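Engineer: Take a look at this one; I'll ask things after.
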Amino acid sequence: MKFLALAGGAILAASAALAAQEIAPGDVRIDDGAYAQSLTGVPGDPVAGRAAAADRGKGNCMTCHPITDMSDLPFHGDLAPTLDGVADRYNEAELRAIVINSKEVFGEQTFMPAMYRIEGLNIVGKKYEGQPILTAQEVEDVVAYLLTLKEE
Ligand code: HEC
């Protein structure tokens, strides 16, 4: 009985480790502006993604991008294209690549921050040193949110 309980515990621990397996920022290889694989294997949650996108300590997307869906929030910038209808212009793999590392997709000169990269950042606030702006799951959540932005 004791053995069975132990074995069961080990199986549980192993599956938890599997579930927690994430693709680290340094292991992401964006191919031709797209990254098809989920970073976590856990489907993105568009509601959490909207919150992470709006959070000024995280995505802070609307500081540069107009987003009609976020017109309840103040301080929209217009330095970048509107994200309205972005799901009609890019597929999921392309949106994931843009959110992970905009520099890889648009070129180093873009001023959109790379959200899931640690190496090669020019200016890193102390708060962000050694960690990406968004966690792997937040990237998945933001991508799920972007996929809801379709033109009617
Ligand atoms: C500091 C400004 C800035 C922030 C913050 C920012 N972006 Fe961007 N983004 C840009 C710029 C500029 C471009 C245009 C690409 C270029 O540089 O040529 C862009 C392009 C994009 C595009 C492609 C849009 C299109 O229609 O071609 C997507 C999608 C995108 N950003 C998503 C996001 C998301 C999601 C966030 C928040 C998690 C975000 N951006 C935060 C500046 C920003």
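The values are calculated or read from the model by the stated rules, or taken from the named source; none is laboratory data. What you see is a predicted model, and the numbers here were worked out from it, not measured in a lab. So basically every Cβ, Gly included, is an ideal-geometry build from the backbone, and we count neighbours across all protein chains shown.
Engineer: Please give the number of the condition S102 fails out of (1) near the ligand (Cβ under 7 Å from one of its atoms); (2) touching a helix residue (DSSP H, G or I) at 6+ places or on another chain (Cβ under 7 Å); (3) of a type in the set (S, T, Y).
Structural biologist: Unmet for S102, out of (1) near the ligand (Cβ under 7 Å from one of its atoms); (2) touching a helix residue (DSSP H, G or I) at 6+ places or on another chain (Cβ under 7 Å); (3) of a type in the set (S, T, Y): (2).
Engineer: When you go through (1) at pLDDT 95 or above; (2) of a type in the set (A, V, I, L, M, F, W, C); (3) closer than 24 Å to G26 by Cβ one by one for L149, which number turns out not to apply?
Structural biologist: (3)
Engineer: I've got another one for you. Any residue that is assigned to a loop (DSSP other than H, G, I, E, B), surrounded by 10 or more Cβ atoms within 10 Å (Cβ to Cβ) and modelled with pLDDT of 95 or more - is there at least one of those in segment 94-103?
Structural biologist: There is at least one residue in segment 94-103 that is assigned to a loop (DSSP other than H, G, I, E, B), surrounded by 10 or more Cβ atoms within 10 Å (Cβ to Cβ) and modelled with pLDDT of 95 or more.
Engineer: Go through the residues of segment 9-18 one by one and say whether even a single one is assigned to a loop (DSSP other than H, G, I, E, B) and modelled with pLDDT under 95.
Structural biologist: Among the residues of segment 9-18, not one is assigned to a loop (DSSP other than H, G, I, E, B) and modelled with pLDDT under 95, which makes the answer no.
Engineer: Sticking with this one: M62 versus (1) without any contact (Cβ under 8 Å) to a residue 24 or more places away in the chain; (2) part of a loop (DSSP other than H, G, I, E, B): which is the lone unmet condition?
Structural biologist: If we test M62 against (1) without any contact (Cβ under 8 Å) to a residue 24 or more places away in the chain; (2) part of a loop (DSSP other than H, G, I, E, B), just (2) comes out false.
Conditions tested, residue by residue: (1) more than 9 Å from the ligand (Cβ to nearest atom); (2) within 12 Å of E138 (Cα to Cα); (3) in contact with a helix residue (DSSP H, G or I) (Cβ under 8 Å, 6 or more places away or on another chain); (4) of a type in the set (D, E).
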position: P43; (1), (2), (3), (4): yes, yes, yes, no
position: A53; (1), (2), (3), (4): no, yes, yes, no
position: M62; (1), (2), (3), (4): no, no, yes, no
position: T68; (1), (2), (3), (4): yes, no, no, no
position: S71; (1), (2), (3), (4): yes, no, no, no
position: P74; (1), (2), (3), (4): yes, no, no, no
position: V86; (1), (2), (3), (4): no, no, yes, no
position: Y90; (1), (2), (3), (4): no, no, yes, no
